[in-house]
Structures are given as structure tokens and as C-alpha cells.
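The values are calculated or read from the model by the stated rules, or taken from the named source; none is laboratory data. Note that the structure is a prediction, hence the values are computed from the model and not measured. Every residue, glycine as well, gets a Cβ built from its backbone with ideal geometry; the counts of neighbours run over all protein chains shown.
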Amino acid sequence: MNYFISALKKYAVFSGRASRAEYWYYTLFLIIISFFMGMLDAIMNAIGGVPFLSLIFGLGTFIPSIAVSIRRLHDVDKSGWNNLLPFIPLFGSLILFYFFIKKGDEHENKYGPIPTYSDDDSEYEVGVARTSASQVVSTPQAVPQPVIPAVQTGFPEPMAQPVGMPVPQQTPPSPSQPVESITVPETTLQTETIQ
């Protein structure tokens with residue numbers, strides 16, 4: 001939802017870049033809200049009212065939709081004029097769809113710096129990488145790996161099971177039984193001498 005609100009805040013900003021996430025989340029929420037507006041219009045029409053909610057919503061989001069699509073094209077280093085590609089029969093819409101799903105440039109291009117998003121202030125920050133939903137890191141850092149002590153359970157390592165096959169359940173030792181008292185049957189290895 002933050003991407004949708006962010007795109008609406010940039011109502012008529014046609015410069016800069018928009019990430020795939022901003023464009024596609026904006027499009028998703030636009031479709032969902034339009035669907036519910038259409039349902040409300042159908043209800044209003046059924047009770048004798050004038051259906052106007054979809055019209056008002058469509059007019060209100062027309063310019064932000066064009067702006068976010070132009071910024072999305074800028075992210076893949078294409079001109080905003082490529083939004084006119086659907087006027088080319090059949091192939092124009094496919095080419096434009098490819099530009100919208102294509103990964104953006106991983107470096108600064110002629111349209112601006114890499115778009116990155118911060119959850120804290122709901123605005124784009126230049127040069128800040130997001131590593132998780134709650135953590136924003138400004139420089140790449142080595143993350144220490146946790147040390148997990150080995151635990152000996154007395155059971156052999158689990159084998160990979162084919163997909164769809166049930167995994168056999170093994171009962172772990174009871175908490176009152178110490179691990180040292182578990183006995184594992186020894187296997188004898190028979191070897192043959194080949195001459």
C-alpha cells in the first residue's frame with residue numbers, strides 16, 4: 001500500500017525512476033480499488049442512483065498512472081514515449097509489457113539514480129539498500145553466521161525423500177534418558193578380495 005500512496009504523492013512527477021515493485025504494487029492496488037468502485041457503482045445503479053465513483057476514481061488516478069509508467073520506463077533506460085507502443089497493433093503491447101517486467105538498470109542512468117525504498121519514511125532514498133522489511137543498511141556489511149553446536153541424537157542423518165512420499169517419523173529419546181545410553185547397532189562390513 002505504501003507504493004500506491006507514494007505514487008499518488010508523486011501525482012505529476014514524470015522525471016526520475018520507479019522500481020518494478022512500485023509500478024506493479026501501484027497497478028495491483030489500482031485494479032483492486034477499481035473493482036470495488038465498480039461494485040459500488042453497480043449497487044448505486046441498482047437502487048436508482050447515479051454511478052459516478054469509478055469515473056471520479058479513474059479521472060483522479062489517470063495522471064499518476066501515466067507518471068508511474070513513465071518513471072518505470074526510465075528505470076529500464078527507455079523514454080516515456082514508449083507508453084505509445086500499444087498503438088502498434090499486436091506487438092506494441094507485448095513490448096511495453098516486457099519493459100514493465102524487465103529488471104531496472106543496476107546503476108545510475110540518464111534518468112536518475114537507482115530507486116530504493118525505505119519503510120521508515122515511506123519515501124525513496126538514493127543509494128540505500130533494503131535488506132529486510134525492518135532493516136535499512138547504507139553500506140554492504142558482512143553478516144556473521146551463527147554458530148550452531150552439533151547435537152548428537154543417536155539417529156542416522158535423514159535421507160532425502162522423493163516428492164510426494166511420506167517422511168517416516170522417528171521418536172526422539174525421552175528427556176529423562178541421557179544421550180549416552182542410546183545404543184546404536186553396529187554394522188559389520190564384509191570385504192572380498194578380488195584377484
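Consider Val68 carefully, then state whether it is in a helix (DSSP H, G or I), aliphatic (A, V, I, L, M) and closer than 24 Å to Phe99 by Cα. Taking the combined requirement at face value, the residue satisfies it.
Look through Phe57, Phe62, Phe35, Phe91 and report the one residue that is modelled with pLDDT of 90 or more, of a type in the set (Phe, Trp, Tyr) and surrounded by 12 or more Cβ atoms within 10 Å (Cβ to Cβ).
Going through Phe57, Phe62, Phe35, Phe91 in turn, the sole match is Phe57.
In a residue-by-residue description of the range 116-133, the property of being touching a helix residue (DSSP H, G or I) at 6+ places or on another chain (Cβ under 9 Å), surrounded by 11 or more Cβ atoms within 10 Å (Cβ to Cβ) and at pLDDT 65 or above applies to no position. A Cβ distance below 7 Å, combined with a sequence gap of six or more or placement on separate chains, defines the contacts here; from the range 51-67, residues that are within 16 Å of Gly38 (Cβ to Cβ) reach residues that are among the hydroxyl-bearing types (Ser, Thr, Tyr) and part of a helix (DSSP H, G or I) in the pairs Ser54/Ser34; Phe57/Ser34.
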